Each structure stands twice: as C-alpha cells, then as structure tokens.
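The values are calculated or read from the model by the stated rules, or taken from the named source; none is laboratory data. On a predicted model such as this, the values are computed, not experimentally measured, just so you know. Don't worry about glycine lacking a Cβ; one is built from the backbone with ideal geometry, like all the others, and counts go over all protein chains shown.
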Amino acid sequence: MIRFSGVNFESDHKQILTNINFEVATGETLTLAGPSGSGKSTILKLAAKIISPTAGKIEFDGQDIAELSPAGYRQDVSYCFQQPVLFGAVAEDSFKFVYEIRNQEYSQEHVIETLQSLDLKPDILKRKVNELSGGEKQRVALARNTLFLPKVLLLDEVTTGLDLTTKNLILGWLDQLNQERGVTLIKVTHEEDEISDSKHILRIIDGRLQNNE
C-alpha cells in the first residue's frame, strides 16, 4: 500500500531522516515508535504528502506520490493530528466541509451514524467547537476523517492526553476499522501498552530506522 525507498528529509540544513526503507501492506497496522524528536511524525507527514522528501521515493499503490494530486491522494490517505483542527463555529461545520469539497449533498444521517460509532450523541453537532473537551474534539475529528472511508489512516499520537475510557474506545474503533473494513493504519505513539500490543513495529532513533519487527 505504502512504500518508502531510500527516503531522506532535511530541514534548515539539519538531517531529520536518513535512508528510510519500509513498506506497509494493504490492511496492515504499523506502529512507529521511538523517543521524541526521532522523526516519527516527519515520516507520517511525508506519507501524508504534507511535506516532500529531500531524497528517495514514496509510493502509494505502486505510484510515486509526487506525481499524484494532493486533493485526490488525501481522500485515500487521511492524516489525523495529535491536536485536532476543527473547522467553523460548531462541530457540524467540519462535517459539512467534507461534503462540500467532494461536491456531494450533505447527509446528517450518515454523520450521526459515524458519530455514534465513537459514542458521541447527535446533539454534539450543534455545540460550539471551543466548548468541546479534548476527547470530544479528537473523536469528532476522527469521525470527520472517516465519513468517506480512506484506504489509509495516518494517526499521530491521537490518544495522547485522553482519559483511559476515551482512549480504549478510540483504539477499539480503530481496530474495528482495520479488521472489519480493511483500513490500513500507520500510527505514531509513545504509549507503552499500545506499542506492546503491536505486531508490526518500526523503531526510529535519530532519524534512522533501527529494526523491523
């Protein structure tokens, strides 16, 4: 599904990533682990086409992502931020935006179904964004990113700072997307329990890949 081949990344004359090589198969879950500042989030941003490699190639379904349109690519490969960004004044605005950029008619029914899968009630749609808790914002953002199910979800520490109940709910939901709907997951985490539960782990230290488990 996604392949990194000899990828380097440099910023402000500083080498961030060096010779990164790995691939993630369709339907797989990959966990990126390592200390803060090691380059994990940079790998996600490269995979999301938010930034471009200094050297090397990143492929999606056998195509160089440098040759793919950002808008089309991001409908297939969706990036989920640690600090979710919601659009508009109320939560519903973020969902309407997803339909607008696809030139599709808004379906509140589908939105509500997606929210309920993350244990959120329909009345959250009318609540002001700045009044939502951190856990609510993260779940609204995740629901928005999966209204139109992508092939790949890139998850940048999406459970960091959340209470245990919300964290477990999100992890269970992500596992369901992976196991039942075949969504490929690539996630960055510092959480030791998430790392220990992972079958496929890449460890990054000082911008270099350490091992492939």
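Before moving on, here are some points about what is shown:
- Pairing residues of segment 151-175 that are closer than 25 Å to ASP76 by Cβ with residues that are among the acidic types (Asp, Glu) and at pLDDT 90 or above, at Cβ distances under 6 Å and at least 6 apart in sequence or on separate chains, gives LYS151/ASP76.
- Within segment 60-72, considering residues that are free of Cβ contacts under 8 Å to residues at least 24 places away in the same chain and surrounded by 14 or more Cβ atoms within 10 Å (Cβ to Cβ), the one farthest from the chain's Cα centre (by Cα): LEU68
- The single residue among LYS49, LYS40, LYS57 that is within 18 Å of GLY6 (Cα to Cα) and surrounded by fewer than 16 Cβ atoms within 10 Å (Cβ to Cβ) turns out to be LYS57.
- Some residue of segment 187-195 being modelled with pLDDT under 90, of a type in the set (A, V, I, L, M) and farther than 24 Å from VAL111 by Cα: yes
- Among the residues of segment 78-101, those that are part of a helix (DSSP H, G or I) and either touching a Leu at 6+ places or on another chain (Cβ under 9 Å) or surrounded by 14 or more Cβ atoms within 10 Å (Cβ to Cβ) (or both) comprise ALA91, GLU92, ASP93, SER94, PHE95, LYS96, PHE97, VAL98, TYR99.
- Figure legend. Inter-residue proximity from segment 102-114: first residues surrounded by 13 or more Cβ atoms within 10 Å (Cβ to Cβ), second residues hydrophobic (A, V, I, L, M, F, W, C), beta-carbon distance below 6 Å, spacing 6+ or different chains. Indicated pairs: VAL111/PHE95; THR114/ALA143; THR114/LEU147.
- Candidates GLU180, GLU191 - the one that is without any contact (Cβ under 8 Å) to a residue 24 or more places away in the chain and more than 29 Å from GLY6 (Cβ to Cβ): GLU180
- If the condition is being over 25 Å from ASP61 (Cβ atoms) and in a loop (DSSP other than H, G, I, E, B), then segment 162-192 contributes LEU162, ASP163, THR189, HIS190, GLU191.
- Only listed residue being part of a loop (DSSP other than H, G, I, E, B) and among the β-branched types (Val, Ile, Thr), chosen from THR114, THR159: THR159
- Taken over segment 10-28, residues that are in contact with a strand residue (DSSP E or B) (Cβ under 9 Å, 6 or more places away or on another chain) and small (Gly, Ala, Ser) amount to 2.
- Qualifying position, being more than 19 Å from MET1 (Cα to Cα), under 18 Å from the mean Cα position of the chain (by Cα) and either surrounded by 14 or more Cβ atoms within 10 Å (Cβ to Cβ) or of a type outside the set (Phe, Trp, Tyr) (or both), among LEU132, LEU142, LEU120, LEU202: LEU142
- Against the test of being touching a helix residue (DSSP H, G or I) at 6+ places or on another chain (Cβ under 8 Å) and at pLDDT 95 or above, the options VAL85, VAL7 yield a single qualifying residue, VAL7.
- Any hit, segment 16-29, residues being of a type in the set (Phe, Trp, Tyr), under 29 Å from GLN179 (Cβ atoms) and either touching a Cys at 6+ places or on another chain (Cβ under 7 Å) or assigned to a helix (DSSP H, G or I) (or both): no
- Within segment 145-161, the set of residues being closer than 18 Å to SER41 by Cβ and either touching a strand residue (DSSP E or B) at 6+ places or on another chain (Cβ under 6 Å) or surrounded by 19 or more Cβ atoms within 10 Å (Cβ to Cβ) (or both) comprises ASN145, VAL152, LEU153, LEU154, LEU155, ASP156, GLU157, VAL158, THR159.
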